[in-house]
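One structure is given here, and the rest of the page talks about it.
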Amino acid sequence: MNNNTTEQQASSASSQISSQETTSQSSQSESSIEENSGSEMTSQSSDSAAENSGEQAVDLTQQEVLEAIGNELYTDAPIKLPKQLPMKEGKHLSATASSKSGMYAIVFYESDEPIPINNEQLTDGTSSAEEIARLTVQQYPSQKEADEQIAHQTFSEQGGQEVDLGYDIKGYQDAGAGSVYTGWNEGQWVLASHARTENSEQGAALAKEAVEFLENNLLPIPDPHGFAHLDAEQGDNRILWQDRMTVYTIDQVVNPIDALMIAVAFD
């Protein structure tokens, strides 16, 4: 009796041990499957995220970027954008855009790598993005208020030292407060170059360069007026023109001829 009981107990213990080992092996196997499955899901998720990131940074042409910018504007103001912008070779175009009733504003950037429109990398200093221009379009409630945004004058009636700018165009220089301005009229446009008094020849040279450029490139036809302030010191380049009660402004452009290039790229 004792021997049989002992054998039965031993057999039972062996069976329990075997069952525990089987359960442990099964549990380890299931755990391994779960880990592998989790690893595969993580890998797939990472791959998907990488694919999405790649899709967001697609290399688009300037025309495709400008079309995408237009699609980001929600306003009742007439949407007009330049056909192209002057950029350094190999750079990519992007922008931040904001809009509301009666106005919109776009800041254009160039960067070494493609960056999506309105992406925080454009402004947070983590990328190579550099601002190249700003376009602001504003509708005014009356023609009078729109007219007040444009400084219009006829330089031949203002006096000043006459300067030959070429192409039968005369400019007029006026100095004061440490600055010298060379102003001239072309159609409904008023244009003026600015330089410091000690660099007055730079202002005249810029005026001549602008006149030559505009011989082969047409500014938008303003209704009624347009104004261009071209800065030889590269500190304040501004181009404004009216389409009745809507005023278009290009500014924050370093190179004055680049500012003209953007303006002539409008229909």
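In whole Hz, what ³J(HN,Hα) sequence does the range 95-108 give by Karplus (6.51, -1.76, 1.60; θ = phi - 60°), x for Gly and Pro?
Values, residue by residue: 6, 10, 9, 9, 7, 7, 4, x, 6, 8, 9, 10, 10, 8 Hz.
Sticking with the crude label model, points 7 Å out along Cα→Cβ, report the distance from Asn71 to Lys88 in nm, one decimal please.
The two pseudo-label positions are separated by 2.9 nm.
Which links in Lys88/Lys144; Lys91/Lys170; Lys91/Lys144; Lys100/Lys144 stretch past 31 Å when you go from one Cα to the other?
Lys88/Lys144; Lys91/Lys170; Lys91/Lys144
If you count only protein heavy atoms and use a 1.4 Å probe, how large is the accessible surface of Thr123, to the nearest 10 Å²?
Accessible surface of Thr123 is approximately 100 Å².
Could you give the length gained on full extension between Glu113 and Gln161, defined as 0.36 nm per residue of separation minus the Cα-Cα distance, in nm?
12.4 nm
Could you run the Karplus curve 6.51 cos²θ - 1.76 cosθ + 1.60 with θ = phi - 60° over the range 160-167 and give me ³J(HN,Hα) per residue in whole Hz, x for Gly and Pro?
So the J values, rounded to whole Hz, are x, 6, 6, 10, 7, 9, x, 6.
Which values of log₁₀ I(q)/I(0), to two decimal places, follow from the Debye formula for the range 212-267 at q = 0.13, 0.22 Å⁻¹ with a uniform point scatterer at every Cα?
Once normalised to I(0) and log-transformed, intensities are -0.30, -0.82.
Hey, with R₀ at 35 Å, roughly what FRET efficiency would Ala175 and Gln143 work out to, going by the Cβ-Cβ distance, to 0.05?
My answer for the efficiency is 0.55.
Considering only C-alpha atoms, what is the centroid distance from the range 70-136 to the range 211-267, in Å?
One Cα centre to the other: 18 Å.
Calculate, in nm to one decimal, what Arg244 and Val58 gain on full extension: separation in residues at 0.36 nm each, minus their alpha carbon distance. Before the final figure, lay out each step's value.
Working: separation 186, 0.36 × 186 = 66.96 nm, distance 3.83 nm.
Value of the extension gain: 63.1 nm.
The values are calculated or read from the model by the stated rules, or taken from the named source; none is laboratory data. Owing to the predicted nature of the structure, the values given are computational and were not obtained by experimental measurement. When we count neighbours, we look across all protein chains shown, and the Cβ atoms used for this are built from the backbone with ideal geometry, even at glycine. Just so you know, the surface numbers come from the protein's heavy atoms only, side chains and all, with ligands and any DNA or RNA stripped out. Shrake-Rupley method; radii C 1.70, N 1.55, O 1.52, S 1.80 Å.
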